[in-house]
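The values are calculated or read from the model by the stated rules, or taken from the named source; none is laboratory data. Since the structure is predicted, the reported quantities are computational estimates derived from the model, not experimental observations. Ideal geometry is used to build each Cβ from the backbone, glycine not excepted, and the neighbour counts take in all protein chains shown. Please note that ligands, DNA and RNA were not included when accessible areas were found on the heavy atoms of the full protein model with its side chains. Shrake-Rupley method; radii C 1.70, N 1.55, O 1.52, S 1.80 Å.
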Amino acid sequence: YSSQVLLRWMRMEAYSAREVDATIKVGDRLVETWGSYYNVWNAYIVAVQHAMAMTKSDAHSTLRATFERAMAQIADYPEQMRTDFIQFERECGTFETWRQAQRKVQVKQDEAQQQQQQAQHVRK
């Protein structure tokens with residue numbers, strides 16, 4: 001399937017049918033191919049969040065795990081996903097999960113900065 005078909009299918013499952021499992025299944029297929037792009041992960045996370053809004057399932061842990069997968073894969077705007085993750089924890093989590101998110105993001109930012117410095121050093 002093309003990315004547009006999968007994206008529309010995922011949104012239909014999330015917004016019309018409110019089927020959490022189906023949304024996640026289609027979203028997983030979408031990120032298998034397009035997982036290095038922020039916009040794909042953002043659409044996936046928002047769709048899962050919307051589908052889970054009407055359920056009594058543990059949405060927070062599911063969404064946290066999805067954010068962590070996204071942060072590990074995104075290549076185009078990783079800093080934006082890290083910011084989104086901290087905002088998610090601030091709005092939906094506890095003080096402790098928010099602090100944990102800040103620490104995780106700091107580690108990711110330090111790693112990215114180290115990689116950039118090594119790349120610059122190699123070019124010289």
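Note on the chain: with charges restricted to the Cβ of Lys and Arg (+1) and Asp and Glu (-1), its dipole about the Cα centre is near 180 debye.
Estimate the FRET efficiency between PHE95 and ALA65 by the formula 1/(1 + (r/R0)^6), using the beta-carbon distance for r and 22 Å for R0, to the nearest 0.05.
Numbers: r = 20 Å, r/R0 = 0.91.
Given R0 = 22 Å and the Cβ-Cβ separation, E is 0.65.
Using the Cβ-Cβ distance between VAL5 and ALA53 with R0 = 30 Å, the FRET efficiency computed as 1/(1 + (r/R0)^6) comes to roughly 0.75.
Backbone geometry of region 86-101 corresponds, through the Karplus equation with coefficients 6.51, -1.76 and 1.60 at θ = phi - 60°, to 3J(HN,Hα) couplings of 5, 5, 4, 5, 5, 7, 10, x, 9, 4, 5, 5, 5, 5, 4, 4 Hz, x marking Gly and Pro. The portion of the accessible surface of the chain made up by carbon and sulfur, rounded to a whole percent, is 49 (1.4 Å probe; DNA, RNA and ligands excluded).
Using the heavy atoms of the protein chains and a 1.4 angstrom probe, tell me the accessible area per residue for the chain in square angstrom.
Numbers: 7960 Å² over 124 residues.
Accessible area per residue: 64 Å².
Compute log10 of I(q)/I(0) for the chain with the Debye formula, placing one identical point scatterer on every Cα and leaving out solvent, at q = 0.13, 0.14, 0.15 Å⁻¹, to two decimals. For the chain at q = 0.13, 0.14, 0.15 Å⁻¹, log10 I(q)/I(0) is -0.56, -0.63, -0.71.
For n ≥ 4 DSSP H runs only, could you compute -39500 (n - 2.57) per run for the chain, divide by its residues and tell me the 222 nm figure to the nearest 500? Provide the component values of the computation, followed by the final result.
Details: 6 runs with 98 residues, N = 124.
That comes out to -26500 deg cm²/dmol.
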